[in-house]
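Inspection log for the structure reproduced underneath, given as structure tokens.
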Amino acid sequence: MLWEIDLHPRLGLPDSDARGVEADAAALGLAKYVSVASASGYLLQGPELTAERVERLARELLADAVAEQYVVGQVGDARLTNPPDRSGAGSDESLARSGRREEVQQTHQLVQVLLKPGVMDPVAQSAEGAVRDFGWNVDAVRTLRKYWISGATETETRAIAAELLANDAIEQVIWGPLPFDRLQAGSGYEFQLLTAPIRGLDAAGLARLSREGQLYLQPAEMATIQRYFAELGRDPTDVELETIAQTWSEHCSHKTLAGRISYRDGLGERQFENMLKETIFAATHQLRQRWAEDDWCVSVFKDNAGVVRFDERFNIAFKVETHNHPSALEPYGGANTGLGGVIRDTLGTGLGAKPVCSTDVFCFAPPDTPHDQLPAGVLHPKLVMRGVVEGVRDYGNRMGIPTVNGAVYFDRRYLGNPLVYCGNVGLIPRDKSFKEPQPRDLIVSVGGRTGRDGIHGATFSSAELTHESESISGGAVQIGNAIEEKKVLDVLLAARDRGLFTAVTDCGAGGFSSAVGEMGEKIGAEVHLERAPVKYEGLSYTEIWISEAQERMVLSVPEATWPELERLCASEGVEATVLGRFEPTGRLTLKYRGTVVGDLAMEFLHNGRPPVGRQAVFEPKMASPLRPSGAPLPGPPRQPEGNGAASPGSHNDDLLAILSSLNVASKEWIIRQYDHEVQGGSVIKPLVGAACDGPSDAAVLRPVLESRRGIVIACGMNPRYGDFDPYHMAASAIDEAVRNCVAVGADPGRIAILDNFCWGDCERSETLGSLVRAALACHDLSLALETPFISGKDSLNNEFSYVNASGEKQTIAIPPSLLISALGQVEDVSRCVTMDLKGAGNRLYLVGKTKNELGGSHYALVKGLDGGAVPTVDPPRAKATFAAMHGAIDAGFVAACHDLSEGGLAVAAAEMALAGGLGAELRLGAMPVDADAIAAAERLFSESNTRFLCEVPPEDAESFEAALAGAAVAWIGTVTGSDRLQIVDDRGATVVDLPLADLKDAWQRPLRW
Amino acid sequence: MSTPRVLVLRAPGTNCDQETAFAFEQAGAVACCVHVNRWLESRWLAEDYQILCLPGGFSYGDDLGSGRILANQLRHHLSDSLARFRDEGKLILGICNGFQILVKSGLLDSADACGPAVTLTWNASGRFIDRWVGLRVASDRTPFLAGVERMFLPIAHAEGQFIGRDEPTLERLEQAGQLVLRYCQSKSCPKQPFNPNGAARDVAGMCDASGRVFGLMPHPERFIDRTQHPQWTRLPAFEEGDGLRLFRNAVQYFA
């Protein structure tokens, strides 16, 4: 017997979900007039459930008596499927407006949405537990959402269901009543050992095996595997092949960037044996040697996160990951598990770091992309953006980890391949910063159960997306359960402090396969797969081994401490299971109910992969002057109706247009959905100023509440510069990340950075060439600024291919997207500064030299200009400027400081003014420039690096100037008590004169959703 | 003065326990974070404490509505212990998720013959929101707010809209002085709508008939240090945050 409890808004209260669907349907042009009523429901099955008990569950557990009303019945009852009577609730208005078109559905179409079987449903899990707390047994619970739709045509209704109500990757849509009357709880599994006959295959056969098995391995790799098993005189089992594919995947082994590359550019050629090692790692290595006993790096490029020294008691770990492909298919689940995954990275660093804050950086296509311009298989960017933000929000907020810093970049080329970077910072005691599994330790899995979710995530993320990805790789898309991970976090840190395990790592891509394979690399491991707790029956041994089900960690536990660990886990309701042992055999042995199903030499698994050799070419672009672009640009910003008089020579409209451009516009809609203050250490929030709405350069927080010492989190990225020269793009991103930290008070001598390369298909030599060129800049800048890279990650193959209306294959590659994330430190947080103007009469100083660098700028974007010179960095000058700037802030001379980035001086000044609620007068003639002839537009909007706009009280002016003596610095204006930003050019002509209200409105309007 | 002991109750998904315990300690108490499973194992556990605090977070994920599952656990298994705790003249504080749990467990004396009279439901915006709000104290009913007139504190919640079953119910609670804490205009953020979630009568916190059980949506533990204020870089130096007074009051109550 299958019971159903539906929850409706109480009569008179708004049906917000339904109103949201109606609004989205109209906004996306899916249906002009549609009327929706919605409800959420639970399906419950169990022999002990009676009508009376189900009624009580509805009343006491599931429905909120004040806000909701419930309907209880058995599946099949008409009262569950009849449209609710909401007379007076207002939803009939739109039906009346629709004017009864002939083709519209006069009746209510019931659409029910359920998660597909096997998809994580935390609410159903919680409901099961809560029902048992009443003392009644229950077999299965599922949740559903129901919608009664009227007023739209059938085609429109189908479009609404497909685009707004359900995501085919994880959910199923049922039209009308439910077609079943019991819940399936999984089917049994009959053990059968599968082998893949590889020995007799020719090249074409190997390629087919790689493709059809979703192994995504290269021909040379398949041949190596074939040889290995030929020598053994047997064929591989399926689980052996899968294990090798996971371990050798681009996602897990980074074989392209850590591989052989022959690189050629305008200056010459260079051979790399291991590109990353010889560029980025080498710079860090050299810095650490230079610093000798003052080295403050602790663990770099080897653990799950990079680790640096914080204070006498603690180190600090930082990792940034991407979750691009899953987020393209299912934005909410992709971003949700993206953040969950990177949190497990810091949790799995050393013997476990306590996560203290998170970051998120996204790249999307413009959210106003017309619906009819979407290729098949692509979700609308506005829905992608909303889903991604909600995914990060729901995981981070539930975990109680503040999301404190981020950025969003928009470009049409992210249409099929949005980028989702999630970062996490963790605090770890100095004596817990390293791990070492011991021979004969138990292999213990802690946390969530293993299910069929997330199969082939690691190999899938190494492939190119196509319009068919949704159906091929849907299993790789998951939903997270943040509370499960929070429980694991609580118990793991307690176990760490009691010294109950010798090593920990997270189950990420590749699941147990990667986690156990990595931990046992130097020892060997024997795993009994049937011991893994599963979510439901029917999983094969291979599925158990490679499932990427979320919220699982693997520990290496000495036999002697296992009983205490087991008790601790049980006391907090966390499942812990011994899967096997790190046996000192040098082999990875997998067993299922006593039968050996896999047996591989660790040496072959980890070192047997043939080196990948790639060609990389970088052709420098010919320099060209700034000029009108031939083609119209994607998603041009709407021209705001500023009331500034557009007199000749006025740049009012340009400034307003840049403030309204999506990359620059306020991200308050996102920021306020994140808890950025939980854990109580917040010092500089993402929004600051007189009305708490100005854009902070970096976040500052105190991870140890008893201490005044703080960490600073910032980022730098500018994909637009990559179209000119990836070297300068990378250099600019590093400069931006560092200067954001310095702007709030971080010590530039203690900033560590991370790289995240998201690129297109690196089998194309030009694509790889642009990446190598960016890596060379990372090496050079890291050394020159003495800013070490401590961790990094790459995501290649970010391309989307589809067949257009004329039947031609089209490929959209993302622009080269290097994110630099920075982790700075401040000795005493009370010396930090924010970017909002503080007091009328204070002076405004510009620090750093302005050059004619409008190439790739936001001025060029809004004016539709191509060409020009892209911003470059002068490393020795940058290093000196950062040090001097820090000295001035630390000494307390600076009332406000803001870095100059997108939109240059004009945007920085506007943001400082609108944040402080104070006016400003600036004189462009006074600013330090590279050439005398530089024009007003260049002075206003050039995006030259290493620049700050500082507010200094008159009494500190002399000291400030002295502190900055070595850098280019000039007094260029004054804070006023007026409500206008006024800027005059070098001849005294007014080039900007705008009220603060207009500036703020232009900046806030585009993403005020 | 005796040092009160605070039981900071945590459950799966509780996430403000550590900073809340820290705030109580700053105020002079001894605070222990205790998992609800320990209390379920030993019903007498709370006897050693004078203050029970239900901190913020997402207990059991708020999966069946905010605070619902933990509230049901308390009702099913610990209602006697809780009643005894309150009747002995001890204090109970619920912050954010803790307030939601208090409301849904019936500890705030809002229910009548017709069932629950108030609830905390989805914000009018339908979204989670993190911002700071002005607060005024509307009655002297609870010792937690003794001597406090105004506060500026952050909120961070999705289900914080206080609503009543109907107007007479709200009027009854108002007359009883239970609707103690209200959102109000603040000079720090003059332009925002001061009521962040659409709460009826701008209610941000309420207490039971005795005043010793108090729940509020804002987070006092997030404003202990001056550098937690969103505008501290623009303000003249000051010693401590508004939230600390609430914890001090709780400690003072046992002096």
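Taken together, the values in this text are just the output of simple stated rules run on the coordinates, not laboratory data. Not measured: the values here are computed from a predicted model. Please note: Cβ atoms are built from the backbone with ideal geometry, for glycine as well, and neighbour counts cover all protein chains shown.
General remarks:
- Across region B:1-87, C-alpha contacts under 8 Å between residues 6 or more apart give a mean separation that, scaled by the residue count, equals a relative contact order of 35 percent.
- Percent of beta bridges antiparallel (DSSP, the protein assembly as shown, rounded to nearest 5): 75
- Full-extension gain in nm, A:ASN137 to A:ASP368, via 0.36 nm per residue minus C-alpha separation: 78.2 nm
- If the convex hull is drawn through the Cα atoms of the protein assembly as shown, its volume per residue in Å³: 179
- Expressed to the nearest 5 percent, the antiparallel share of DSSP beta bridges inside region B:5-252 is 55 percent.
- Most fluctuating residue given options B:PRO168, B:PRO218, B:PRO55, as computed from a GNM of chain B linking Cα atoms under 10 Å: B:PRO168
- Note on A:GLU827 and A:MET622: the model spin-label points, each 7 Å out from Cα along the C-beta direction, lie 5.5 nm apart.
- Taking Cα centre as origin and charging only the Cβ of basic (Lys, Arg, +1) and acidic (Asp, Glu, -1) residues, the dipole magnitude of region A:2-175 rounds to 220 debye.
- The length gained on full extension between A:ASP294 and A:ARG182, counted as 0.36 nm times the residue separation minus their Cα-Cα distance, comes to 33.7 nm.
- 32 Å Cα-Cα threshold exceeded, pairs from A:LYS382/B:LYS187; A:LYS319/A:LYS838; A:LYS435/A:LYS591: A:LYS382/B:LYS187; A:LYS319/A:LYS838
- By other beta-carbon atoms within 10 Å, ranking A:ILE479, A:ILE316 with the fewest at the front produces A:ILE479, A:ILE316.
- For A:ASN607 and A:ALA230, the FRET efficiency from 1/(1 + (r/R0)^6), where r spans their Cβ atoms and R0 equals 25 Å, is about 0.85.
- In this structure, the pairs whose alpha-carbon distance is over 29 Å, taken from A:LYS146/A:LYS535; A:LYS116/A:LYS522; A:LYS486/A:LYS1000; A:LYS32/B:LYS104; A:LYS486/B:LYS90, are A:LYS116/A:LYS522; A:LYS486/A:LYS1000; A:LYS32/B:LYS104; A:LYS486/B:LYS90.
- Per-residue mean of foreign Cβ neighbours for B:226-238 is 6 (Cβ atoms of other chains, 10 Å radius).
- Among A:GLY887, A:PRO928, A:PHE941 the positive-end extreme of the charge dipole of region A:833-1009 (Cβ point charges): A:PHE941
- Three principal axis lengths of region A:216-306 [C-alpha, angstrom, descending]: 54, 37, 21
- Candidates B:LEU45, B:LEU82, B:LEU145: whichever shows maximal mean-square fluctuation once chain B is modelled as a Gaussian network with Cα springs under 10 Å: B:LEU45
- Inter-label distance for A:TYR536 and A:GLU154, nm, one decimal - labels placed 7 Å from Cα along Cα-to-Cβ: 3.1
- Signed unit charges on C-beta, dipole axis of region A:124-210, positive-most listed residue A:PHE191, A:THR155, A:LEU178: A:PHE191
- Two-site label geometry, B:GLU240 and A:ARG430: point separation in nm, points 7 Å out along Cα→Cβ: 3.2
- Per-residue 3J(HN,Hα) values for region A:345-359, derived from phi via the Karplus relation 6.51 cos²θ - 1.76 cosθ + 1.60 with θ = phi - 60°, read 5, 6, 4, x, 9, x, 9, x, 9, 8, x, 10, 6, 10, 10 Hz in sequence order (x marks Gly and Pro).
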